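Notes to accompany the following structure.
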Amino acid sequence: MKDSYFVTTPIYYVNDKPHIGHAYTTLLADVLARYSRLRARPTHFLTGTDEHGQKVQEAATRANMTPQQQADTTVVRFQDLWKKLSVTHDDFIRTTEPRHTAIVQRILQDLRDRDEIYPADFTGWYCVTCERFYTEKDLLDGRCPETGCKREVRQISEKNYFFRMSKYQDWLIRYIEEHPRFIQPDFRRNETLGFLRKPLNDLCISRPVSRLNWGIPLPFDPQFVTYVWFDALVNYISAIGYGMDAARFEKWWPASCHLIGKDILTTHTVYWPTMLKALNLPMPEMIFAHGWWLSGGDKMSKSVGNVVNPLDIEAKYGVDAFRYFLLAEMSLGQDASFTEEAFIRRCNADLANDLGNMLSRVLKLSQTNSGSRVPTPSPDIRGDCAAHPEEKVIRDSAASLAGRVADSLDAMRPDQSIAAILQLVRDINGYFEKRQPWALAKKADQQPLFDTLYVALDALRIVSGLLDPVLPGKMLSLRQSLGLAAGAPSWPELGRWGLLEPGTSLAASATLFPRIVPPKEEVKTKEPAVTPTPEGTALIDITDFQKVELKTATILTAEKIPDATKLLKLTVDVGGTTRPVIAGIAEHYAPETLPGKRVILVANLKPAVIRGHESHGMLLAASKGKKLSLVTVDGDLPSGANVR
Ligand code: MSP
């Protein structure tokens with residue numbers, strides 16, 4: 001294995017806007033690249049767009065644009081999405097850039113000069129969607145044989161240029177058999193070997209301009225443009241300086257991992273290796289084909305209208321939750337199903353409950369018992385915990401976690417890495433339940449309490465670093481709450497226990513992941529916000545009432561929430577700090593009548609996400625029948641005053 005890491009995504013067609021499938025491959029590559037950088041390997045992450053070919057030309061015609069305009073408009077949608085999803089690619093290649101077209105032409109000329117490419121007359125079956133020719137025997141029931149396509153094909157006869165792919169067939173079979181990691185997962189390797197059991201044809205690498213003119217002209221025959229797949233695959237080497245910058249090329253090639261979807265297996269595991277072989281270049285270390293995201297249980301399709309738009313999910317639930325769900329949910333290689341319910345369930349269970357609650361519990365206990373500082377533990381607690389068996393279990397698991405995460409990543413199982421980290425979080429929660437630090441806090445000897453808090457805090461330090469590639473924004477906040485130095489976590493420190501310095505300042509509280517309120521529960525959750533307690537409910541103790549923190553607040557802004565007839569989105573001032581509050585008062589107040597009103601806020605309600613909007617608190621209102629009035633404050637008491 002090289003000591004540098006070069007990971008690529010497929011380059012995406014610019015015929016349509018990006019969907020969740022594109023977002024997934026790119027996020028997967030991003031997470032692998034971020035882990036690689038965290039492990040201090042020199043890393044290069046390449047993505048980009050595939051801008052030539054029939055699909056793009058047809059989309060341009062439909063949109064009444066030139067193909068270049070079509071590409072220029074659509075590429076921005078991919079680039080903007082990657083920015084929104086915190087994608088850290090090192091390079092973005094467009095196949096219409098001169099740095100790419102020049103190299104494709106140079107390769108074509110080189111192969112033609114060495115008779116690896118030759119002209120011939122040809123009759124074949126052509127699939128417009130896959131932009132590929134098939135022979136009669138390739139077809140399945142007379143249709144395109146590609147997994148996930150199976151569309152009608154057209155018979156076409158014409159002169160074309162061919163790459164002598166067939167002569168590499170025996171070599172390729174042997175190479176695949178001798179390099180078990182070359183095509184992954186194993187069942188995809190077998191799929192390619194199955195394909196190679198039939199005689200391999202030479203590859204048609206040209207299209208006559210009379211039929212398609214949106215492509216790279218063949219340097220030796222201007223009547224033809226390059227077949228889009230021959231053009232596109234070259235991006236993996238043109239982007240890193242093949243034929244232009246030998247030192248740069250040597251640094252990154254061969255690629256460590258080409259990530260692809262299962263739909264483009266043959267092009268990557270048959271065409272590409274034979275092209276590289278003809279160029280006398282080494283093979284990529286691994287080509288990994290992941291499964292598809294289904295919408296519920298169905299294939300996503302525009303005509304069915306079930307395509308998941310990554311921008312909608314990001315806008316509603318935030319980038320980190322989206323990254324987390326996609327990475328944790330898909331077992332690499334298999335198909336996975338996207339539903340909003342599964343998304344909410346997983347984010348609430350893993351992030352809001354397990355991780356978020358753990359952090360707020362330990363910060364709260366530290367605030368009350370150690371002045372929001374990392375407490376000083378017993379001497380062995382920062383070492384091997386020899387005298388503390390229960391602590392030792394957490395310590396050993398935390399100290400070995402980085403190694404286990406690395407092993408799962410090397411086996412291309414990022415979902416298992418995430419599962420192992422979350423297991424540690426659950427183990428810390430379990431440890432807390434056993435040790436009962438809230439009970440320990442009442443004892444005269446504070447040392448057991450301090451030991452417990454230290455164990456939880458140091459384990460969270462390791463968790464925050466190891467989850468950083470998946471949840472970069474939230475883990476930065478977590479590290480800040482733990483008083484850790486700014487900047488990226490260091491890999492060696494994540495494999496060592498006891499590094500959190502006693503005395504370090506901690507945040508007083510943190511809400512990393514507000515619980516997402518599922519749409520069905522919304523009504524139930526919002527009702528109490530505007531409904532007075534009915535008479536005759538059970539009596540409560542004064543201590544029950546004291547748990548509720550009521551404050552005066554001034555409404556600053558109010559706006560409607562599209563598609564939510566009962567809800568208004570407010571910002572309120574609570575004496576110097578502002579908060580968002582979602583209130584179920586839209587049927588009773590026009591938004592423009594609200595700014596300036598001084599109201600009463602339940603200030604210590606757990607934050608929630610309602611219809612994709614965060615809500616930090618609840619306004620008091622009185623209602624009878626269909627009438628409802630906000631409870632307001634008489635006189636000129638300022639915002640932020642306590643209400644008793
Ligand atoms: N342009 C070619 C790739 C050339 S690479 C040298 C292409 N582009 S594409 O825009 O159609 O997108 C390809 C990739 O998007 C697929 O390989 C796959 O990675 C991803 N996906 C498309 N639909 C998908 C799902 N429903 N689920 C997961 N990923 C899928 O093919």
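Taking the condition surrounded by fewer than 18 Cβ atoms within 10 Å (Cβ to Cβ) and away from the ligand (no atom under 16 Å from the Cβ), does THR73 pass?
no
Are there any helices (runs of 4 or more DSSP H) wholly within region 209-297 with 3 or more residues that are within 16 Å of the ligand (Cβ to nearest atom) and within 29 Å of LEU409 (Cβ to Cβ), and if so which?
235-238, 272-278
Would you please list the contacts, defined by Cβ atoms under 6 Å and residues six or more apart or on different chains, that run from a residue in region 326-346 that is within 11 Å of the ligand (Cβ to nearest atom) to a residue that is open to solvent by less than 20 Å² (accessible area, probe 1.4 Å) and assigned to a helix (DSSP H, G or I)?
LEU326/TYR24; LEU326/LEU27
I'm told ASP634 meets every condition in (1) within 13 Å of THR557 (Cα to Cα); (2) open to solvent by 50 Å² or more (accessible area, probe 1.4 Å) except one. Can you identify the failing condition by its number?
Looking at each condition in turn, ASP634 falls short on (1).
What's the number of the only condition in (1) open to solvent by less than 60 Å² (accessible area, probe 1.4 Å); (2) among the charged types (D, E, K, R); (3) at positive phi that GLU146 fails to meet?
For GLU146, the failing item is (3).
Just name the residue that is nearest to the ligand (Cβ to nearest atom) out of those in region 21-30 that are under 16 Å from ASP320 (Cβ atoms) and touching a strand residue (DSSP E or B) at 6+ places or on another chain (Cβ under 8 Å).
The qualifying residue nearest to the ligand (Cβ to nearest atom) is TYR24.
Is it the case that ILE585 is among the aliphatic types (A, V, I, L, M), open to solvent by less than 80 Å² (accessible area, probe 1.4 Å), part of a loop (DSSP other than H, G, I, E, B) and modelled with pLDDT of 85 or more?
For ILE585, the condition - among the aliphatic types (A, V, I, L, M), open to solvent by less than 80 Å² (accessible area, probe 1.4 Å), part of a loop (DSSP other than H, G, I, E, B) and modelled with pLDDT of 85 or more - is met.
Read through the list (1) within 12 Å of the ligand (Cβ to nearest atom); (2) open to solvent by 10 Å² or more (accessible area, probe 1.4 Å); (3) in contact (Cβ under 8 Å) with a residue 24 or more places away in the chain, then give the number of the only condition that SER301 fails.
It is condition (3) that SER301 fails.
Conditions (1) open to solvent by less than 20 Å² (accessible area, probe 1.4 Å); (2) in contact with a Phe, Trp or Tyr (Cβ under 9 Å, 6 or more places away or on another chain); (3) of a type in the set (S, T, N, Q); (4) more than 9 Å from the ligand (Cβ to nearest atom), marked per residue:
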site	(1), (2), (3), (4)
TYR5	no, yes, no, yes
PRO10	yes, no, no, no
ARG41	no, yes, no, yes
LEU46	yes, yes, no, yes
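The values are calculated or read from the model by the stated rules, or taken from the named source; none is laboratory data. Being a predicted model, the structure only gives us computed values, none of them experimental. Every residue, glycine among them, receives a Cβ derived from its backbone with ideal geometry; neighbour counts consider all protein chains shown. The protein model used for the area step is the full one, side chains on, heavy atoms only, and it has no ligands, DNA or RNA in it. Shrake-Rupley method; radii C 1.70, N 1.55, O 1.52, S 1.80 Å.
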